[in-house]
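Below is one structure, written out as structure tokens; comments come after it.
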Amino acid sequence: MRVDRRTTLKWLLASMAASQGGCAHKRAARDIAPAVGQSLLGTAAAVDGVGYGTNPDLMTPVVPWSLTMTDAQLQVASVLCDAMLPADDRSPAASAVGVPDFIDEWISAPYPRQREDRKLILYGLEWLEQESLRRFGTGFAATGGAQQRELLDELAAPGDGQTAPPEPGEFFRRFRYVSVGAFYTTAAGAADAGYIGNVPISGEYPGPSDAALEHLAHVLDELGLELED
């Protein structure tokens, strides 16, 4: 499923606000070595344009930068998203709600944090493709589920004897962080998490739940205050 840029931009802004304090990289993006050999997924277009700045034109809104990932990079990203967030009886797979398009939006944005993530994510997608071809003779998207899991298990929990460079593991953690953040910004993700906000109530307002009142009373007690009847 492809989603429009208006949607991915809303996700981008929400995710940027939510990610200010977490998931820093161990290694600066400029120090990441390229994946070995010739690129199998093609070369992403250069980041162009500028950010919105502090005074965007809301009357004639435009996106001031272009998307940059190749179709092959998007395909690997889609398979990886679905391996992390597969469809189940509660919600659709990540690719079904457009998470790969969000990844493209994220690493194409001309902001410092996104530029930092760009090298790591593009490196990791290429590493997965090359490593899958080296081990199994097929690209990552074409491998079986067990072979994909073998690669991803090593990235998620590297063993003591693993000889792979550290960047793939850093890529996996960051890709997972961005993908999960994007997924739970969607309506399907919110429903999967059990979020019930922004839902109209028919009839008379029943008031806060007992659990909410209990929490409020506890907070007030710590402040030396009491909850009035």
Only one residue in ASP82, ASP88, ASP117 is closer than 26 Å to ASP192 by Cα, buried (at least 16 other Cβ atoms within 10 Å of the Cβ) and not aliphatic (A, V, I, L, M), so which one is that?
ASP82
Please work out if GLU129 is in contact with a Phe, Trp or Tyr (Cβ under 7 Å, 6 or more places away or on another chain), buried (at least 18 other Cβ atoms within 10 Å of the Cβ) and of a type outside the set (A, V, I, L, M, F, W, C).
yes
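Of all residues being surrounded by fewer than 16 Cβ atoms within 10 Å (Cβ to Cβ) and at negative phi in segment 30-40, which is modelled with the highest pLDDT? Just the residue, please.
My answer is GLN38.
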Filtering segment 170-229 down to residues that are acidic (Asp, Glu) and part of a loop (DSSP other than H, G, I, E, B), which residue is nearest to GLU105 (Cα to Cα)?
GLU204
Among the residues of segment 123-148, count how many are over 17 Å from PHE171 (Cα atoms) and touching a helix residue (DSSP H, G or I) at 6+ places or on another chain (Cβ under 6 Å).
5
Can you find even one residue in segment 137-154 that is of a type in the set (A, V, I, L, M) and over 22 Å from GLY42 (Cβ atoms)?
yes
Selection within segment 177-208 - loosely packed, with under 15 Cβ neighbours inside 10 Å and among the hydrophobic types (A, V, I, L, M, F, W, C)
ALA187, ALA191, ALA193, ILE196, VAL199, ILE201
Has segment 135-148 got any residue that is touching a Lys or Arg at 6+ places or on another chain (Cβ under 8 Å) and either under 25 Å from TYR52 (Cβ atoms) or modelled with pLDDT of 90 or more (or both)?
yes
Among what's in segment 65-112 and is part of a helix (DSSP H, G or I) and among the charged types (D, E, K, R), pick the residue that is farthest from ARG5 (Cα to Cα).
ASP82
Going through THR43, THR8, THR54 one at a time, which residue ends up being surrounded by 12 or more Cβ atoms within 10 Å (Cβ to Cβ), of a type outside the set (Gly, Ala, Ser) and modelled with pLDDT of 75 or more?
THR8
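The values are calculated or read from the model by the stated rules, or taken from the named source; none is laboratory data. All of these numbers come straight from a predicted model, not from anything done at the bench. Don't worry about glycine lacking a Cβ; one is built from the backbone with ideal geometry, like all the others, and counts go over all protein chains shown.
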